[in-house]
1. Specify which residue in the list Q204, L28, G56 is farthest towards the positive end of the charge dipole of the chain, using unit charges on the beta carbon of Lys, Arg (+1) and Asp, Glu (-1), about the Cα centre.
2. What size of dipole, in debye to the nearest 20, comes out for segment 383-454 about its Cα centre when the only charges are +1 on Lys and Arg C-beta atoms and -1 on Asp and Glu C-beta atoms?
3. Please turn the phi angles of segment 117-134 into ³J(HN,Hα) values with the Karplus equation 6.51 cos²θ - 1.76 cosθ + 1.60 (θ = phi - 60°), one per residue in order, whole Hz, x for glycine and proline.
4. Name the longest site-free stretch of the chain, where the excluded sites are trypsin sites (Lys or Arg not before Pro) in a DSSP loop with no more than 10 other beta-carbon atoms within 10 Å.
5. Between A467 and K384, how high is the FRET efficiency from 1/(1 + (r/R0)^6) when r is the Cβ-Cβ distance and R₀ = 35 Å? Nearest 0.05.
6. Quick query: amide H of D536 versus all other amide H atoms, modeled in the peptide plane; which residues come in under 5 Å with a sequence gap of 5 or more or a different chain?
7. Which value, in debye to the nearest 20, gives the size of the charge dipole of segment 469-646 about its Cα centre, when Lys and Arg are +1 and Asp and Glu are -1 at the Cβ?
8. Helix 66-78 versus the longest principal axis of the chain: what is the Cα-based angle in degrees, 0 to 90, to the nearest 10?
Amino acid sequence: MKDFFNKLVRSGKSDRAASGCSNQEDQLKRQVAALYGLYTGVLGAEKVVLKAGKLGALDLMRSARLDERVLALQKLVFEDPTLDQLPALENIPEILNEIEDELADLCARRTVEDRIEKKIAEKMEERHQEYVQEIRTQVIKEESPANVENPQTLKKYAQLEKLETRKLTCSAMELLRPATLDEIIGQERAVEALRAKLASPYPQHLILYGPPGVGKTTAARLVLEEAKKTKGTPFAQEAPFVEVDGTSLRWDPRDVTNPLLGSVHDPIYQGARRDLADSGVPEPKPGLVTDAHGGILFIDEIGEMDPMLQNKLLKVLEDKRVFFDSAYYDPSDNGIPKYIKKLFEEGAPADFILIGATTREASDITPAVRSRCAEIYFEPLTPKHIQEIVYNAAIKLAVAIEPEVPQLISDYTIEGRKAVNILSDAYSMALMRVGQDQQLVSITKGDVYRVAQVSRLSPYVNLKAAATLEVGKVFGLGVSGYLGSVLEIEAVAFPAEKGKGSIRFNDTAGSMAKDSVFNAAAVVRKLTGQDLSSYDLHVNIIGGGRIDGPSAGTAIVSAIISAITGKPIRQDVAITGEISIQGRVKAVGGVFEKAYGAKQAGIVTMIIPQENKADIPENHLGLIIRPVVTVEEAMAILFDEIEVASA
């Protein structure tokens, strides 16, 4: 086809020579031939011939006449097949100028298009090479383990490995922690109740109340191990015991993080796993409730948890599953892994037994949670319990102790954990004193005193009771948390002009205690016929203690009657009970805890309201428990000198 085109050009040249045209016509022919050559150079000879055939210009191109060749050129350049009028000779220069302009635009477009196509080809080649390299890298990763290490990461790994080889001996707390239920001192009833509720085919959720350091956590852990051995137990041998501190659990209203219940890491804002984030898949993170599935979730200080989080935990207890939600989850996405789809659609299993421990009041726990849990109260430890703990700890430490050491340590604490800490500190002091080479170390009273001085310890309870009689002084009983205490209440009365007497009471005492003083005035008048308005009366609580409840009412009446009548009161008796203006002793709270305070203060007899008789066992802690109905019955015990003499 190219030869055919060249033949056309040569025939045009020979025709021009033969015709003997004028110089102008020869010039125009040369110009037309040049334009044909330029056009052919832009499109190519084959395309020009094909295009001429489509536009009906092929015969015109073969013609020897100038006007026909110009018309053919017009059709080709302007791509217009409707042109059929031959141009006049005088119009040909103007037409050729128009054709030249159009060819110039065509050349410019072709140049730009070629440059763009070249860049496109280069980019495509570059992308192709990157794609090939990526595939090659992926294949290498699959064929051999990734080499992500560098000198810095290897150095840090070596440091961690070195730390793993460095170990200390176990701490004293690890060594002295109870290993069996029999080693938990002073909590026989609580441990029995805990065992009954866990070592059963139908274990219950529990809340353990009690002061710190009495063995709540240890008891729960040991009872689980015993429950695993019980016939018919739902706990498998690998049942987990997941322990967490409630003070570290906080409810996040945004649900970005929740270590207790679990959370969802959204792919954009929260950084899901890289392979999931790249495909826009949210990643659920199960929490501690799922870790505890099939076992026990122990939350220490559950009373410190946010109430909202307690309510959310309640939902999990009901469903035995925890559910996840995310705006990024698309159930129709086939690229979601099975485990994520299962977590979103079915939730994560969370069938566990909840055991919460707290040193706070029951009122601090959400009522809805309490209603689903059995409640067990651990008891404060008596000095006798502390002494037994110290003896057992000394045996485990393989040390000798002076006979006075357990008694001395029991003066400084009512916590088993604290008692063990004091003994281990005294052991360290003894080692410093005798030297590390001694085979048998003996702990003396001096070692304990040195620990007490360095740690600024003071005796927890001073002995207050005595087998004596005093006028206007009586022991009442109070309670704070799970610890009872003895209140020293005293009264003094001076005769005054009738009707002009006054009553003075501690300003720091609570309003209900002050009401008890005014109730006492009516009772005193009923029992003795004396009008307190004829006395300047001063009632005092030694130490300035604040009394929030009415439980000191009977004690206040007794002190006032003793002051105005001169009758002495036994100092080995403590009394608790609200007083009515009819002279009746009404029920009060915390009787069980108050008994511990009475025992520690050396009290022998404890007077309680008859309505509280069922709240405390007879001879509890070796105390003589005397229930009464009226103030007269209470005063018959308080003013009985015969019992004091016999005691």
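1. Of the options given, the answer is Q204.
2. 100
3. These are the phi-based 3J(HN,Hα) values: 4, 5, 5, 4, 5, 5, 5, 5, 5, 5, 4, 4, 5, 4, 4, 4, 5, 5 Hz.
4. In the chain, the maximal stretch lacking such sites is 255-455.
5. The pair A467/K384 has a calculated efficiency of 0.95.
6. The answer is F494, A496, S502.
7. That gives a dipole near 280 debye.
8. Orientation of helix 66-78: about 10 degrees from the principal axis.
Every number here is computed from the coordinates shown, using simple stated rules; none is lab data. For clarity, every value in this text was computed on a predicted model and none was experimentally measured. Ideal geometry is used to build each Cβ from the backbone, glycine not excepted, and the neighbour counts take in all protein chains shown.
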